[in-house]
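The values are calculated or read from the model by the stated rules, or taken from the named source; none is laboratory data. Quantities reported herein were computed from a predicted structural model and do not represent experimental measurements. Here Cβ is always computed from backbone atoms with ideal geometry, including for glycine, and neighbour counts include all displayed protein chains. Ligands, DNA and RNA are excluded from the accessible area calculation, which covers all protein heavy atoms including side chains. Shrake-Rupley method; radii C 1.70, N 1.55, O 1.52, S 1.80 Å.
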Amino acid sequence: MSKTAGSIVEAALKRDPHEVEFIQCVQEIVHALERVIAKNANYVNMMERLLEPERMIVFRVPWVDDRGEAHVNRGFRVQFNQTLGPCRGGLRFHPSMNLSIAKFLGFQQTLRSALSPYKLGGAAGGSDFDPKGKSDNEIMRFCQSFMDELYRYLGPDKLLGPSVRGDGCWYS
């Protein structure tokens, strides 16, 4: 049986059935590329390789609020394909952030980078931390804790520093 665009989606569903956002992204991209994939079976193999991240990092982010209470959030970073160069992608701080969303955003960044003139791979990440209603000091303590974990994966040949988005006060 020859592989088709449908088999790409089926394989993603079988491997990651609980990652709704990522599966939706895979379905949309495969559907958009269906005619191209049908013309060359090698594209099926390329898509299967592209859909599996090179690295997924999940880590805890302990921080202390202004009242001295300790909190722990979850941090994520997903690096996709570094064939063209080091990974680049943003960070999203939002209570709904999860690994599926990081994979979805990282895969989109991989495709975006592939179409740009720059030799970069794709990545994305973030945390389920909600910056809304937090003081500048709380946000600073959270970000410092987040970067204390993430810094060991940054470097000119691994992962470029992210642009950060959150409460409307962090844009780069």
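Entry comment: accessible area of the chain is 57 Å² per residue, from protein heavy atoms only and a probe of 1.4 Å.
Need the full-extension length gain, A32 to T83, defined as separation in residues times 0.36 nm minus the C-alpha distance. One decimal, nm.
Details: separation 51, 0.36 × 51 = 18.36 nm, distance 2.29 nm.
Taking 0.36 nm per residue and subtracting the Cα distance, the gain is 16.1 nm.
When the accessible area of region 16-98 is computed with all protein chains present and a 1.4 Å probe, what percentage of it is carbon and sulfur?
Its accessible area is 51 percent carbon and sulfur atoms.
From most to least packed by mean Cβ count within 10 Å, the peptides 120-129, 57-66, 22-31 give 120-129, 22-31, 57-66.
Taking 25 °C and 0.890 mPa s as the conditions, I'd like the Stokes-Einstein D for the chain in µm²/s, using the Kirkwood hydrodynamic radius from alpha carbon pairs. It would help to have the intermediate numbers written out before the result.
On the way: Rh = 17.1 Å.
Estimated diffusion coefficient is 144 µm²/s.
DSSP beta bridges fully contained in region 1-157 are about 75 percent antiparallel.
Taking the chain as the region of interest, the number of lysine pairs whose Cα atoms are within less than 29 Å, with members eight or more places apart or on different chains, is 12. Label zone (K132, point 7 Å along Cα-to-C-beta; backbone nitrogen cut-off 20 Å) within region 80-108: 91-99, 101-102.
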